[in-house]
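The values are calculated or read from the model by the stated rules, or taken from the named source; none is laboratory data. Just so it is clear, the structure is predicted and the values come from calculations on it, not from any experiment. Please note: Cβ atoms are built from the backbone with ideal geometry, for glycine as well, and neighbour counts cover all protein chains shown.
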Amino acid sequence: MIRFITWRLVGMVVVILSMTFIVFLLRSVVPSDPARAALGSSAPLAAVRAERVALGLNHPLWQQYRHYLGQLLHGNLGLSVTTLNPVRSDIATALPASLELLLAAAILAIVMAVVLATVQGLLRGTSVFSHAMVAAGSAPIFLTGLLMTYIFWFRLGWFPSSGRTSIADPPTGPTKLLVIDGLLHGRPGVTVNALEHLALPALTLALPMSVAIGRTLRSSIVGVLRQDYIRTARSKGLTEFKILVRHVLRNASTAAISMTGLQIGLLFANLIIVEQIFGWPGLGLYLSEALSRSDLNATLGVALLFGITYIVINALVDVLQAVADPRVSLE
């Protein structure tokens with residue numbers, strides 16, 4: 001197991017370095033001049049030349065890449081031409097909102113996936129809930145978001161349609177997650193209000209992920225239930241709940257865990273669309289504004305963060321698979 005984890009970590013580092021090199025090449029081939037973009041279109045030519053020297057753009061390519069890696073290790077992602085702030089500061093400001101939304105969506109997706117797999121696998125049947133989830137998860141994400149807004153905000157008025165909170169003075173720490181900070185500051189109204197604003201975007205994000213994971217888990221559960229050791233467990237008098245907990249879920253979880261890792265990339269892609277639809281002040285909305293203004297530093301900074309997060313999560317997924325099924329680490 002230790003050898004498997006070590007090699008997986010080494011592979012993760014290699015992939016991250018490869019991704020940073022690709023991002024560096026994108027910066028090099030884009031027609032815009034990073035020095036001109038940093039100083040502005042009205043900067044004199046002498047200042048632009050000095051900035052190019054300061055940025056190391058007059059050095060060979062391998063030296064530029066080494067300098068770029070050094071800047072990344074220090075958290076320097078350049079300046080945003082949209083906000084005129086360091087991209088690192090912009091990301092730090094927008095990250096808590098996206099993190100709160102992603103965590104809420106992941107929790108919802110796992111819960112709904114388990115329910116879907118239980119209904120269709122263990123009970124060997126379908127329900128209105130299962131059909132509704134599959135239909136909603138198969139629809140384009142923008143259509144799901146618009147339907148959620150129309151039904152639950154416009155028609156029913158149950159949830160707000162945009163924003164992160166309607167509280168005028170929400171707490172700003174210590175976690176910067178409003179659901180948690182509201183409880184830590186003794187303001188349950190902030191937590192309730194944050195949950196109300198989270199409901200629609202989190203559910204929109206969770207639906208496609210829950211359907212993919214749920215159907216994968218359901219297929220695995222059905223296959224495990226047909227194994228001889230399950231019949232042996234039943235013959236010993238074990239209840240269905242004990243069989244489910246002790247034998248079925250762990251052996252059936254490997255494929256579902258793998259699918260979860262694959263869905264993370266889709267989750268990041270859908271985050272951009274969902275944050276635009278619901279006006280959620282996170283990284284997705286920041287990235288869409290950066291793209292519309294050709295803000296290269298901001299675009300590549302967020303893309304790099306998403307890419308590294310995806311690589312790290314998939315490495316953790318591989319480790320979880322090895323824990324759930326030791327055969328994985330032996331292959």
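General observations
- Annotation: of all residues in region 16-58 being at pLDDT 70 or above and in a loop (DSSP other than H, G, I, E, B), the one that is farthest from LEU305 (Cα to Cα) is PRO44.
- Check on ARG218, modelled with pLDDT under 90, in contact with a Ser or Thr (Cβ under 9 Å, 6 or more places away or on another chain) and not acidic (Asp, Glu): yes
- Any hit, region 186-199, residues being farther than 30 Å from ILE141 by Cα, basic (Lys, Arg) and in contact with a helix residue (DSSP H, G or I) (Cβ under 9 Å, 6 or more places away or on another chain): yes
- For region 221-233, the set of residues classified as in a helix (DSSP H, G or I), without any contact (Cβ under 8 Å) to a residue 40 or more places away in the chain and either surrounded by 13 or more Cβ atoms within 10 Å (Cβ to Cβ) or not assigned by TED's automatic domain parsing to the domain that holds ALA255 (or both) consists of GLY223, VAL224, ILE230, ALA233, listed by residue number.
- Within region 180-211, tally of residues that are assigned to a helix (DSSP H, G or I) and either hydrophobic (A, V, I, L, M, F, W, C) or surrounded by fewer than 15 Cβ atoms within 10 Å (Cβ to Cβ) (or both): 20
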